[in-house]
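One structure below.
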Amino acid sequence: MAEENQAPETEATVETTEVTENAAEQSFALQRVYLKDVSLEMPNAPHIFLEPQGPAVEIALNVGGQRLADTVFESTVRVTVTTKVEDQVVYLVEATQAGIFEIANFEDAQIDPLLGIVCPSMLFPYLRANVADLITRASLPPLHLAEVNFQTLYEQNLAAAASETKQ
């Protein structure tokens, strides 16, 4: 009987050890996606709609992130779409898509690329749909944002920051 009592204790000890080892595993999870800010301005309407010339479109994209708690982070993707005919603005759309992410047991050097590449890649489809929907609902010609390579954007931002530091 003494042997029977020892076997379950050994198994329990092994299971506890496995749980402890698994608790230190890295975890990455999207907790929530939300539209943090959106605005549409048409300062020259309705007269601008009478212009026969097609508009020129300028798009600016910005990525941000911040720590909210020990393992909770907010990541944001902000787009500004400015559409002009000559020097007159047809419309200006500004939108910020945000997400709350749980990022646990990653080294600090790994968190910045997650917030600069992976999180924005997950948020961008939501931003893209929200901007397209807003523009369409305003009875404007459709505009669909092109796909973005956030890896390249992240590397360009690092290079720009490094060159500013050297100067």
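Of all positions in the stretch 73-85, at least one carries a residue that is within 16 Å of Gln31 (Cβ to Cβ), at pLDDT 95 or above and out of contact with any helix residue (DSSP H, G or I) (no Cβ under 7 Å at 6 or more places or on another chain).
Among the residues of the stretch 95-117, those that are aliphatic (A, V, I, L, M) and open to solvent by less than 60 Å² (accessible area, probe 1.4 Å) comprise Ala95, Ala98, Ile100, Ile103, Ala104, Ile111, Leu114, Leu115, Ile117.
For every residue, the table says whether it meets (1) part of a strand (DSSP E or B); (2) touching a Cys at 6+ places or on another chain (Cβ under 7 Å); (3) within 30 Å of Pro55 (Cβ to Cβ).
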residue: Tyr91; (1), (2), (3): yes, no, yes
residue: Ala95; (1), (2), (3): yes, no, yes
residue: Ile103; (1), (2), (3): yes, no, no
residue: Ile111; (1), (2), (3): no, no, no
residue: Val148; (1), (2), (3): no, no, yes
residue: Thr152; (1), (2), (3): no, no, yes
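Could you tell me which residue of the stretch 127-143 is surrounded by the fewest Cβ atoms within 10 Å (Cβ to Cβ), considering only residues that are of a type outside the set (A, V, I, L, M, F, W, C) and closer than 12 Å to Val79 by Cα? Top of the filtered list is Asn130. Residues that are in a loop (DSSP other than H, G, I, E, B) and either surrounded by 13 or more Cβ atoms within 10 Å (Cβ to Cβ) or of a type in the set (S, T, N, Q) (or both) within the stretch 21-61 comprise Gln26, Met42, Asn44, Ala45, Glu51, Gln53, Pro55, listed in sequence order.
The values are calculated or read from the model by the stated rules, or taken from the named source; none is laboratory data. Computed from a prediction, not measured in an experiment: that's the story for all the values here. Virtual Cβ from ideal backbone geometry, glycine too; neighbours counted across all protein chains shown. These area figures cover heavy atoms from the full protein model, side chains too; ligands, DNA and RNA do not enter into them. Shrake-Rupley method; radii C 1.70, N 1.55, O 1.52, S 1.80 Å.
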